[in-house]
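So the structure is just underneath, and the comments pick up after that.
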Amino acid sequence: MIVLIIGMAVVTYLPRALPLIMLSGRSLSRRWHLWLRFMPCAAMAALLSASLEAQAGSLSLLGFDVRSILASIPAAAVAVKYRSVAATVVAGIVGITVIRFVWA
């Protein structure tokens, strides 16, 4: 059991540590900096698109859950205005909580 836990820790740690070790002391080109700027947006879009997908039996619009779409509107507004991932996540959580409370 302990070998399994250690193995999972190593597999989790290596993808984070290797780029840090390999790139420390190096400067990245302008192209890399531009490309890496979009990584948080890409990760957020991937998570958002998966969570908007409608479940069986729910009200859907073009395959997306209507309640999730309504909750994503304030989150998108916060993302555009404040450009903060944390604030966007909080706005999305508050939005879906309100929608689920109102639309039971």
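The numbers here are math on the coordinates, done by the rules we state, and not lab data. Fair warning: this is a prediction, and the values are worked out from it, not measured in the lab. Here the Cβ is made from the backbone with ideal geometry for all residues, glycine too, and neighbour counts use every protein chain on show.
Observations on the model:
- Filter pass, ARG67 being at negative phi, in contact with a Phe, Trp or Tyr (Cβ under 8 Å, 6 or more places away or on another chain) and part of a helix (DSSP H, G or I): yes
- Selection of first residues in the stretch 29-47 that are over 19 Å from PRO19 (Cβ atoms) and of second residues that are surrounded by 10 or more Cβ atoms within 10 Å (Cβ to Cβ) and not hydroxyl-bearing (Ser, Thr, Tyr), restricted to Cβ pairs under 7 Å at least 6 apart or on distinct chains, gives the following pairs, ordered by first then second residue: MET44/VAL85.
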